[in-house]
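These notes are about the structure you will find just below.
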Amino acid sequence: MNPSLKKTPSHARIHKEFIIERNDIANAGTVASSTKRILKNEGFPSHFIKRVTIGVYEAEINVVIHSYGGKVIFDLNDDNVSLVFADKGPGIEDIELAKAAGFSTASSYAIENGFGAGMGLPNIEAVSDEMHLTSSNEGTTLSMRFDIGDDGIDS
Amino acid sequence: MVLTVKQLMEDIPLTLINEPKTISKTINKLFASDLLSHVIGYAEENDILITVLNNINVLGVASLLELSGVIFTHNPNVKPDIIKRANKLDLPLFSTPLSTAEVIKKIASLE
């Protein structure tokens, strides 16, 4: 990160939390839309907003179709956008396998709705600057970070 | 040749099923898929999506990626809530009796 970027961030620091319900596929995208709105209001360029919202949307869909529900913590920091998706289980059996493009355990419900291609985690990894995934049968936590500077407003 | 959404309507059997403010958007390229994560991963801004899927999530993805429009193939019955949401998003939705492959063939022959 270029140190000059840290001097005067031209955006506000924003903290938000969202709840995602299990199998609520009709509302999937709500967190992505809110994220998009916040970043737009703060004046970020569209390619940066797109990168973030793609990651958020994929993670949101994962919580909806795979988990028992969960919450999302959004933080717009001085030099990055950070999101943590924490769900209530059932967890991912094999994380490395889950990250492989094309691998999917999606239900027929998810597939009928156009999801379950096994592309979610690879897509998030591709758009974010860092993605971290931990899981047990108690739940899964997925965090992602998008650095402002490479293509953000301060560069 | 630069194609617009309007030109497509004139040249292949497509029915506009909602009321977007504009149909003069230009099309970057065609993107055919029935898996939304695939669309999210590979489609680009101003692409036109050709799909048999017709659920509300298609609109979420189309809006996220700022697609030029969506063509539903095999004449599906598109629910009113989808049409309403597409109007709000100002996203042109089309229905066609053609298959996905036939739509692609027809559009390719225009270029």
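The values are calculated or read from the model by the stated rules, or taken from the named source; none is laboratory data. For clarity, every value in this text was computed on a predicted model and none was experimentally measured. Methodologically, a virtual Cβ is constructed for each residue, glycine included, from the backbone with ideal geometry; neighbour enumeration extends over all protein chains shown. All accessible areas refer to the heavy atoms of the entire protein, side chains included, with ligands and DNA or RNA removed. Shrake-Rupley method; radii C 1.70, N 1.55, O 1.52, S 1.80 Å.
Of all residues assigned to region B:64-75, at least one qualifies as being open to solvent by less than 70 Å² (accessible area, probe 1.4 Å), more than 22 Å from A:SER34 (Cβ to Cβ) and in a loop (DSSP other than H, G, I, E, B). The residue that is nearest to B:ARG85 (Cα to Cα), counting only those in region B:61-75 that are facing chain A (nearest Cβ under 9 Å) and touching a residue at least 24 places away in the same chain (Cβ under 8 Å), is B:SER63.
Of all residues in region B:18-58, those satisfying the criterion of being assigned to a loop (DSSP other than H, G, I, E, B), open to solvent by 50 Å² or more (accessible area, probe 1.4 Å) and more than 7 Å from chain A (Cβ to nearest Cβ) are B:GLU19, B:LYS21, B:SER24, B:LYS25, B:ASN28, B:LYS29, B:GLU44, B:GLU45, B:ASN46, B:VAL52. Condition check: more than 12 Å from every other protein chain (Cβ to nearest Cβ), in contact with a Leu (Cβ under 6 Å, 6 or more places away or on another chain), open to solvent by less than 20 Å² (accessible area, probe 1.4 Å) and not in a helix (DSSP H, G or I). Does A:PHE74 satisfy that? So A:PHE74 fits the description; yes.
Among the residues of this structure, B:ILE107 counts as one that is assigned to a helix (DSSP H, G or I), open to solvent by less than 20 Å² (accessible area, probe 1.4 Å) and more than 14 Å from every other protein chain (Cβ to nearest Cβ).
Considering only residues of region A:81-111 that are charged (D, E, K, R) and crowded, with 17+ Cβ neighbours inside 10 Å, which is farthest from B:LEU65 (Cα to Cα)? Once the filter is applied, the top-ranked residue is A:ASP87. Taken over region A:127-141, the residue count meeting the criterion of being within 24 Å of A:PHE48 (Cβ to Cβ) and either open to solvent by 60 Å² or more (accessible area, probe 1.4 Å) or not in a strand (DSSP E or B) (or both) is 5.
Here A:GLY114 passes the criteria (1) buried (at least 23 other Cβ atoms within 10 Å of the Cβ); (2) in contact (Cβ under 8 Å) with a residue 12 or more places away in the chain; (3) within 27 Å of B:LEU67 (Cα to Cα) except the one numbered (2). Residue count for region B:85-104 under the criterion of being surrounded by fewer than 13 Cβ atoms within 10 Å (Cβ to Cβ) and of a type outside the set (Gly, Ala, Ser): the result is 2.
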